[in-house]
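Accompanying notes for the structure given below.
The values are calculated or read from the model by the stated rules, or taken from the named source; none is laboratory data. Here the structure is a predicted model, which means the values were calculated and not measured. Glycine gets a Cβ as well: all are built from the backbone with ideal geometry, and neighbour counts include every protein chain shown. Note: areas computed on protein heavy atoms with side chains; ligands, DNA, RNA excluded. Shrake-Rupley method; radii C 1.70, N 1.55, O 1.52, S 1.80 Å.
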Amino acid sequence: MGEKVLVTGGAGYIGSHTVKKLGEAGYDLVIYDNLSTGLPDAILYGELVVGEMNDFQLLSRVFAQHQFDAVLHFAASISVPESLQKPLAYYANNTCNTLNLLRCCQQFGVNKLVFSSTAAVYGATQEFPVKESSPTLPVNPYGRSKLMSEMILQDYSLVSDLKYVILRYFNVAGADSSGKIGQSGKASHLIKLACDAALGLRGNLSIFGTDYPTHDGTGVRDYIHVEDLASAHISALSYLKTNAENQILNCGYGKGYSVREVLEKVKEISGVDFPIVETSRRKGDPACVVASADKIRQVLGWQPEYDSLDTIIRSALLWEQKNLVDC
Ligand code: UD1
């Protein structure tokens, strides 16, 4: 048997893609998920424990039953608009529950952790591209709840043997090439919504703001294929086996695409000219969020395989089409 790893939130979008790659690489997995957004069918490897992250007793029992070598902590709430509506729920789930997890790690001597963070921690930072050392100025409870967890990890590691890799995800999209897993549920991300529009599941697509100081006036983001992001987690786990230094790493390609460019590409690939409605800016949206993406390559030796907007959108469309047929 390979190393034993606890994957919280392993039934979710990014978690399930990572579980697939970990399983293929021979890791022995326990997935802890409350199935609030994740699906049991998305878990292709390992044993599922259904539980809440705030259920300290259950989580402790899981730690007691297994001798984990490492933890990957995906379980979190991820919607910026929802975080503005329900800040307490976001701090409870994203920050307090990370604390619960660390208490378990402390109690059971687990000292390697890969933490799912976000580009939202940079918030109002104006830097382009944004570096890991750039100021963190989150502008919503989602970003703040994740940044607080990062700080807790950093503080705890100073007085313990905990080693961590914090991965700050940029805009994750696409689906596994096997067609077995993808983004499920009612995600509000641009590429998924545009695919839905191309498949006639929604009447149109709104562009939130056409007056940004970008090359075509619409928001610019760094889209990363979910399979490459999953691989980054495998590289982070390998890194933690042999390296003593903690890391914070951006997960992006270092390239930005505007909303218009994304929509044009979805139209081109799908062959469907769905209607676009130009509306005002969405509250809290920065104009341009693009990663400085060198550090993760240098530190982890990570090499992306799907670094292309075309590939990302094709895989997302295929997945949405498949879901349509299966319904
Ligand atoms: C944000 C967070 C990200 C988080 C994600 C999930 C930041 C920097 N990033 O990504 O960490 O995981 O939310 O909620 O805070 N757009 C439209 N029309 C639409 C939908 C989106 O024009 O119908 C535009 C947005 O204004 C934005 C771009 O498309 O410019 C991408 O939006 P989206 O996919 O929602 O992700 P972010 O808000 O960038």
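Numbers at a glance
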| quantity | calculated |
| --- | --- |
| Search result, residues across the range 173-191 that are within 9 Å of the ligand (Cβ to nearest atom) and open to solvent by 20 Å² or more (accessible area, probe 1.4 Å) | A187, S188, H189, L190 |
| D155 vs. criteria in the same structural domain as R260 (by TED's automatic domain parsing) and open to solvent by 20 Å² or more (accessible area, probe 1.4 Å) | no |
| Residue within the range 196-213 that is part of a loop (DSSP other than H, G, I, E, B), buried (at least 19 other Cβ atoms within 10 Å of the Cβ) and touching a residue at least 24 places away in the same chain (Cβ under 8 Å) present | yes |
| Cβ-Cβ under 9 Å pairs, at least 6 apart or on other chains, the range 48-69 side within 10 Å of N34 (Cα to Cα) and in contact (Cβ under 8 Å) with a residue 12 or more places away in the chain, far side outside any strand (DSSP E or B) and of a type in the set (D, E) | none |
| Flag for V30 being in contact with an Asp or Glu (Cβ under 8 Å, 6 or more places away or on another chain) and more than 16 Å from the ligand (Cβ to nearest atom) | yes |
| Residue that is nearest to the chain's Cα centre (by Cα), among those in the range 220-263 that are among the β-branched types (V, I, T) and away from the ligand (no atom under 16 Å from the Cβ) | I234 |
| Search result, residues across the range 113-137 that are open to solvent by less than 70 Å² (accessible area, probe 1.4 Å) and either near the ligand (Cβ under 8 Å from one of its atoms) or of a type in the set (A, V, I, L, M, F, W, C) (or both) | L113, V114, F115, T118, A119, A120, V121, Y122, G123, A124, V130 |
| Answer residue from the range 28-39, given it is touching a residue at least 12 places away in the same chain (Cβ under 8 Å) and open to solvent by 70 Å² or more (accessible area, probe 1.4 Å) and is nearest to the chain's Cα centre (by Cα) among those | T37 |
| Within the range 239-276, considering residues that are among the acidic types (D, E) and either in contact with a helix residue (DSSP H, G or I) (Cβ under 6 Å, 6 or more places away or on another chain) or in a loop (DSSP other than H, G, I, E, B) (or both), the one nearest to L29 (Cα to Cα) | E245 |
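Each row is one residue, and each column tells you yes or no for (1) touching a residue at least 24 places away in the same chain (Cβ under 8 Å); (2) open to solvent by less than 20 Å² (accessible area, probe 1.4 Å); (3) assigned to a helix (DSSP H, G or I).
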position	(1), (2), (3)
L229	yes, yes, yes
L237	yes, yes, yes
E278	yes, no, no
D285	yes, no, no
D310	yes, no, yes
